[in-house]
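Okay, structure first, notes after.
The values are calculated or read from the model by the stated rules, or taken from the named source; none is laboratory data. Being a predicted model, the structure only gives us computed values, none of them experimental. Note that we place each Cβ from the backbone using ideal geometry, even for glycine, and neighbour counts take in every protein chain shown.
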Amino acid sequence: MTPIVAIIGRPNVGKSTLFNRLIGTARSIVADIPGVTRDRIYHEAEYRDRTFLLIDTGGIHPSDTEDDLELHIHRQAMAAFEEADLVLLLFDAKAGIMPADTAIVDLARRQGKPVLHLVNKVESAADQLAASEFFSLGLSEPIFLSALHGLGIPELLDQLVDRLPPAGIETQPGELHARIAVLGKPNVGKSTLCNTLLGTERLIVSDVPGTTRDSVDSLLVWQDRRYLLVDTAGMRKKHNISYQLEQFSVFRAIKSLEQSDLAVLVLDAGGELGEQDLKIAALTHDRGKGCILLINKWDLAPERSDRAAKEYTSVLRERMPFLDYAPLLFVEAKSGRKVHKLLPLVDRIVSTRDQRIKTSELNEVLRHLTDRNPPPLGRNHRRQHLTFITQVGVRPPSFAIFCNSPDTLPEHYRRYLLHGLRERYPFEGTPILLKFKDKH
């Protein structure tokens with residue numbers, strides 16, 4: 001198995017900066033605000049032909065805390081501590097040894113895991129002199145480094161690889177069946193849904209909106225198929241995004257959507273369908289992604305009858321006509337009720353997005369549609385002629401229709417062709433792209 005390396009430390013010592021430095025990209029959010037990283041964030045890294053899984057964690061709070069969110073963050077970090085094969089204990093040279101640092105050292109000793117002792121923010125000779133106090137912690141000889149500037153990183157990587165468990169036969173990860181982005185406004189139950197699917201408290205769940213600040217990847221295996229589940233930060237209205245950190249979180253959520261195969265848009269059955277819900281839905285459609293509309297907290301809805309579900313569906317379809325292809329699923333993520341229906345639905349949509357249709361079949365459909373409702377007149381009152389259709393892509397299914405004057409073909413007739421194509425090939429859960437090209 002791939003060895004696991006966890007970066008552990010109190011809040012704001014530079015764990016995410018080091019994580020980003022080691023993997024070579026801005027994967028974790030970095031800011032001068034304690035507690036920025038809340039969930040465990042995983043990324044594969046390689047050095048000297050050894051592959052390892054690096055974990056960025058939220059800051060450990062060894063002292064008792066009554067704050068639910070801090071307690072959740074602490075539990076996530078401790079879970080990473082326990083699953084790691086090697087622990088990188090990170091300290092802040094500029095802050096010096098804090099009571100929380102000594103408590104974390106005691107935790108490390110009790111865990112009995114191999115540890116590398118790292119002192120961050122050592123950027124000058126004066127910093128090195130000040131950092132010498134960390135020898136008193138009684139750990140291995142500290143490695144002085146600056147994660148921000150890359151100082152000391154080669155030495156760290158050499159020692160890290162030397163301390164990894166002996167290389168055995170590593171299991172090759174299977175091909176991902178689907179990348180699923182879980183989207184929605186803050187506090188609609190995205191993390192609860194992911195935890196229910198994963199069967200573990202992999203993600204922090206709290207009634208505080210904005211608990212998930214970063215997009216968190218989790219590998220899910222179901223019926224021998226591998227899915228990458230991405231819990232994203234809740235997307236607020238722009239005037240509610242109060243500081244740069246949250247803006248970056250939303251940017252990461254959008255990027256996660258772009259890298260996904262489909263999106264699960266989580267809506268709160270107990271709340272009103274708002275403008276932000278519509279914007280997130282439109283974003284999913286515009287990016288050409290598959291989509292499932294998941295109505296969560298159905299147990300908290302004013303009425304839960306079949307009639308109420310039909311009325312909710314009717315309102316949703318009226319407000320989101322551009323997502324008429326997206327299936328609806330009513331669930332209670334906290335109790336797990338009906339959540340088991342989600343992955344079979346994902347499988348159907350993934351299969352649909354890869355579907356290819358014979359050109360001969362497509363042209364039969366095109367002839368039927370144009371005979372039933374001929375194209376309108378074009379320039380100089382000449383009849384439009386749609387001569388040929390062929391599929392040009394998948395994910396999403398994309399088709400090119402050749403005609404004599406594509407620029408003048410009205411929008412209503414384009415919609416007619418799109419709906420006609422769906423009548424024959426439903427393409428559940430995915431948009432269809434039609435491209436009109438000049439036949440000459």
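Just one of the listed residues (401, 357) is assigned to a loop (DSSP other than H, G, I, E, B), in contact (Cβ under 8 Å) with a residue 24 or more places away in the chain and either buried (at least 16 other Cβ atoms within 10 Å of the Cβ) or in contact with a His (Cβ under 6 Å, 6 or more places away or on another chain) (or both), namely 357. From the list 155, 123, the one residue that fits, being more than 15 Å from residue 92 (Cα to Cα) and charged (D, E, K, R), is 155.
For the residues 255, 279, 310, 341, the requirement of being modelled with pLDDT of 95 or more, surrounded by fewer than 16 Cβ atoms within 10 Å (Cβ to Cβ) and among the charged types (D, E, K, R) singles out 341.
On inspection, residue 418 fails the criterion of being assigned to a helix (DSSP H, G or I), farther than 30 Å from residue 199 by Cβ and touching a helix residue (DSSP H, G or I) at 6+ places or on another chain (Cβ under 9 Å).
In segment 386-399, what residues are closer than 19 Å to residue 289 by Cα and hydrophobic (A, V, I, L, M, F, W, C)? Within segment 386-399, 392, 394, 399 meet the criteria.
If only residues of segment 125-169 that are surrounded by 12 or more Cβ atoms within 10 Å (Cβ to Cβ) and polar (S, T, N, Q) are counted, the one that is farthest from the chain's Cα centre (by Cα) is 132. Selection of segment 314-369 for residues being at positive phi and out of contact with any Phe, Trp or Tyr (no Cβ under 8 Å at 6 or more places or on another chain) yields only 336. For segment 360-389, filtered to residues that are buried (at least 17 other Cβ atoms within 10 Å of the Cβ) and polar (S, T, N, Q), the residue that is nearest to residue 429 (Cα to Cα) is 370. Yes or no: residue 414 touching a Leu at 6+ places or on another chain (Cβ under 9 Å) and within 30 Å of residue 188 (Cβ to Cβ)? In short, no. Every condition in (1) touching a strand residue (DSSP E or B) at 6+ places or on another chain (Cβ under 8 Å); (2) surrounded by fewer than 19 Cβ atoms within 10 Å (Cβ to Cβ); (3) free of Cβ contacts under 8 Å to residues at least 40 places away in the same chain; (4) not in a helix (DSSP H, G or I) is met by residue 272 except one, and the failing one is (1). Pairs linking a residue in segment 426-437 that is within 14 Å of residue 325 (Cβ to Cβ) to a residue that is small (Gly, Ala, Ser) and assigned to a strand (DSSP E or B), with Cβ atoms under 6 Å and 6 or more positions apart or on different chains, are 429/290; 430/290; 433/398. Looking only at segment 282-306, which residues are assigned to a loop (DSSP other than H, G, I, E, B) and surrounded by fewer than 24 Cβ atoms within 10 Å (Cβ to Cβ)? Passing the criteria: 287, 288, 297, 301, 302, 303, 304, 305.
Residue-by-condition table, conditions (1) in a loop (DSSP other than H, G, I, E, B); (2) modelled with pLDDT of 80 or more; (3) not charged (D, E, K, R):
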position: 185; (1), (2), (3): yes, yes, no
position: 191; (1), (2), (3): no, yes, yes
position: 201; (1), (2), (3): yes, no, no
position: 206; (1), (2), (3): yes, no, yes
position: 212; (1), (2), (3): yes, no, yes
position: 217; (1), (2), (3): no, no, no
position: 220; (1), (2), (3): no, yes, yes
position: 226; (1), (2), (3): no, yes, no
position: 229; (1), (2), (3): no, yes, yes
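With respect to the conditions (1) within 30 Å of residue 187 (Cα to Cα); (2) not in a strand (DSSP E or B); (3) not small (Gly, Ala, Ser), residue 329 falls short on a single one, namely (2).
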